[in-house]
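*Asks:* Once you've had a glance at the structure underneath, I'll fire off some questions.
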Amino acid sequence: MLEKNGHIMVRLEEGLVEPSGQMFLDFGDSQAIVQVQSTSAEQWFEIGCQHEEEGFLAEAVDAYRHALLVCGPDAEVCFNLANVLCALGQHEEASERYRQVVEIDCHHAEAWNNLGVVLTDLKRMDDAIEALRRAIDLNYIDAHYNLADLLETTGKKSQAHEHWHAYLRHEPHGPWSKY
């Protein structure tokens, strides 16, 4: 590893190369060696969780993305990243990450639920209903509440009542029971 004009580079037979793959001519004028300590995916994930906990959401996004660069697709990292993107109001990106979670782990009920909520926010009601039904099939109780709310706002009141009652059967004293 070399440092040249503030850029980290690798000396290969072909010449100097940045991590992006950009090649540079090597005139041999910079020989400063930089010790590079790689950060593991688990460390990046922990950094992301810490940032998220402290309310530094943009920094959490960066840390979670670094974790994915190191380890590749991972349901837990993608789920946390999606939650932070959603909190930042980046619903389209969040929906893509929630989809990635359920592609990796089709039994991740909370991801199906959150995908349904985000798709509702994006006004993609049919897809939202499908995602929420998948969460319900996986026994995620809050999805009944979210689906009932969606169905009621789209004028499907009788279907909505079924899900309000299903939510109350499972959560008679849950956070939305009084509603």
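*Asks:* Is it the case that region 121-133 has a residue that's among the small types (Gly, Ala, Ser) and within 19 Å of His170 (Cα to Cα)? Give the derivation first.
*Replies:* Keep residues of region 121-133 that are among the small types (Gly, Ala, Ser), which gives 128, 131.
Among the residues that remain, those that are also within 19 Å of His170 (Cα to Cα) are: none.
Checked region 121-133: no residue is among the small types (Gly, Ala, Ser) and within 19 Å of His170 (Cα to Cα).
*Asks:* Quick one: would you say Arg124 is closer than 16 Å to Tyr167 by Cβ and of a type in the set (Lys, Arg)? Walk me through it before giving the result.
*Replies:* On the way: closer than 16 Å to Tyr167 by Cβ: no; of a type in the set (Lys, Arg): yes.
Here the answer is no, as Arg124 does not meet what is asked.
*Asks:* Same structure, new question: Considering only residues of region 58-91 that are within 11 Å of the chain's Cα centre (by Cα) and of a type in the set (Val, Ile, Thr), which is surrounded by the fewest Cβ atoms within 10 Å (Cβ to Cβ)?
*Replies:* From region 58-91, those within 11 Å of the chain's Cα centre (by Cα) are 60-61, 64-65, 68, 73-87, 90-91; that's our starting set.
Still in the running and of a type in the set (Val, Ile, Thr): 61, 77, 84.
Details: Val61: 21, Val77: 27, Val84: 24.
This residue is Val61.
*Asks:* Considering only residues that are exposed (fewer than 14 other Cβ atoms within 10 Å of the Cβ) and within 9 Å of Ala67 (Cα to Cα), which ones fall in region 41-57?
*Replies:* The first filter runs over region 41-57 and keeps only residues exposed (fewer than 14 other Cβ atoms within 10 Å of the Cβ), leaving 42, 50, 53-55.
Answer for region 41-57, where residues must be exposed (fewer than 14 other Cβ atoms within 10 Å of the Cβ) and within 9 Å of Ala67 (Cα to Cα): just Glu42.
*Asks:* Does Ile129 count as under 28 Å from Leu57 (Cβ atoms), of a type in the set (A, V, I, L, M) and modelled with pLDDT of 95 or more? Spell out the reasoning first.
*Replies:* On the way: under 28 Å from Leu57 (Cβ atoms): no; of a type in the set (A, V, I, L, M): yes; modelled with pLDDT of 95 or more: yes.
Considered against the rule, which asks whether it is under 28 Å from Leu57 (Cβ atoms), of a type in the set (A, V, I, L, M) and modelled with pLDDT of 95 or more, Ile129 comes out as no.
The values are calculated or read from the model by the stated rules, or taken from the named source; none is laboratory data. Every value quoted in this text rests on a predicted model; they were computed, and no experiment measured them. Quick reminder, even Gly has a Cβ in these numbers, built from the backbone with ideal geometry, and neighbours come from all protein chains shown.
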